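Novice: Here you go, one structure.
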Amino acid sequence: MGGQKVALVTGANKGIGRGVAEQLAALGTTVFIGARDRRRGEEAAAALRAAGGDVHAVALDVTDPATVLEAARQIEERFGRLDVLVNNAGITGSGQVSPEDAHDQVPSVVDLEMVRAVFETNVVGVITVTNAMLPLLRRSAAPRVVNVSSHAASLTLFSDPDGPFAALLPSAAYSPSKTALNALTVQYANELRKDGILVNAVAPGFVDTDSNDHTGVLTVAEGAAVVVRLATLGADGPTAGFFAGEGPVAW
């Protein structure tokens with residue numbers, strides 16, 4: 001058991017999170033699938049076990065600290081440590097719509113409750129989970145934290161009037177929440193650098209998932225691959241970075 005890595009992927013019963021869990025399991029990692037809905041988590045874990053993976057479900061809602069602490073307790077009880085944390089759970093705030101239809105994100109008309117909900121999951125939830133798992137990560141020989149961000153987090157890309165995002169609707173909830181997540185990634189990386197904990201943000205790309213109503217162009221496997229790459233970095237790997245499949249992304 002000593003050689004086997006242990007990972008937690010939040011929001012992993014479907015989409016990119018599930019793809020990450022599947023690929024980590026294929027590498028021989030023991031994977032905990034965090035899911036708000038226990039039944040969906042169990043179904044996903046069972047499917048990945050059927051494919052030969054050592055995968056377990058754990059009920060975890062990033063906006064409910066009690067469930068997060070209970071998940072940490074279960075992982076500690078079984079393995080005593082955590083090697084990889086993938087903070088993947090996130091919401092767009094607009095439900096299942098393609099980004100060009102997310103009119104409810106436009107800053108001048110945005111619903112404040114929606115903004116709060118998005119930040120609660122995408123930013124505060126990451127702090128909740130990371131802090132609960134840090135004692136377990138500190139016991140790992142090679143701890144890695146990956147925060148699943150988005151190209152939409154990039155102020156450089158969004159502020160260019162001729163850039164790739166010029167045609168997108170302005171966003172007061174989702175995009176700024178991912179920008180904040182990137183900022184948080186750098187702050188955690190700086191705090192934990194001396195402990196050898198590598199912390200990076202990843203933009204999986206525009207992946208075909210429920211969250212964009214399947215308008216994405218990349219497969220889940222393609223989006224998950226870059227996350228897995230950062231989750232399995234060697235000791236000389238980067239920290240405090242923002243990466244996509246094509247390499248570093250501008251802040």
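The values are calculated or read from the model by the stated rules, or taken from the named source; none is laboratory data. Here the structure is a predicted model, which is why all the values come from computation and not from measurement. Cβ atoms come from the backbone with ideal geometry, glycine included; neighbour counts cover every protein chain shown. Each accessible area value is taken on the protein alone, full model and side chains, heavy atoms only, with ligands, DNA and RNA left out. Shrake-Rupley method; radii C 1.70, N 1.55, O 1.52, S 1.80 Å.
Novice: Do you know which of the residues in segment 207-250 that are hydroxyl-bearing (Ser, Thr, Tyr) and either assigned to a helix (DSSP H, G or I) or touching a Ser or Thr at 6+ places or on another chain (Cβ under 6 Å) (or both) is modelled with the highest pLDDT?
Specialist: At the first step, the residues of segment 207-250 found to be hydroxyl-bearing (Ser, Thr, Tyr) are 209, 211, 215, 219, 232, 239.
Next cut, either assigned to a helix (DSSP H, G or I) or touching a Ser or Thr at 6+ places or on another chain (Cβ under 6 Å) (or both) only: 211, 215.
Details: SER211: 60, THR215: 64.
Ranking the qualifying residues of segment 207-250, first place goes to THR215.
Novice: For segment 166-175, what are the residues that are open to solvent by 40 Å² or more (accessible area, probe 1.4 Å) and either free of Cβ contacts under 8 Å to residues at least 24 places away in the same chain or in a loop (DSSP other than H, G, I, E, B) (or both)?
Specialist: Result: ALA166, ALA167, LEU168, LEU169, PRO170.
Novice: Which ones in segment 231-250 are surrounded by fewer than 18 Cβ atoms within 10 Å (Cβ to Cβ) and closer than 13 Å to ALA189 by Cβ?
Specialist: Scanning segment 231-250 gives LEU233, GLY237, PRO238, ALA240.
Novice: Look at ALA45 and say whether it is closer than 24 Å to VAL226 by Cα and either of a type outside the set (Lys, Arg) or open to solvent by 10 Å² or more (accessible area, probe 1.4 Å) (or both).
Specialist: yes
Novice: Filter segment 1-17 for residues that are open to solvent by 10 Å² or more (accessible area, probe 1.4 Å) and in contact (Cβ under 8 Å) with a residue 60 or more places away in the chain and give the result. Before the answer, list the steps.
Specialist: Here is the first cut: in segment 1-17, the residues open to solvent by 10 Å² or more (accessible area, probe 1.4 Å) are 1-5, 11, 13-16.
Correct list: MET1, LYS5, GLY11, LYS14, GLY15, ILE16.
Novice: For segment 18-26, does any single residue satisfy the condition of being over 15 Å from ALA224 (Cβ atoms) and open to solvent by 50 Å² or more (accessible area, probe 1.4 Å)?
Specialist: No, that holds for no residue.
Novice: Which ones in segment 182-206 are among the hydrophobic types (A, V, I, L, M, F, W, C), open to solvent by 20 Å² or more (accessible area, probe 1.4 Å) and assigned to a helix (DSSP H, G or I)?
Specialist: ALA183, LEU184, VAL186, listed by residue number.
Novice: Which of the helices (runs of 4 or more DSSP H) contained wholly in segment 75-164 include at least 3 residues that are open to solvent by 20 Å² or more (accessible area, probe 1.4 Å) and modelled with pLDDT of 95 or more?
Specialist: Passing ranges, in order: 112-119, 125-137.
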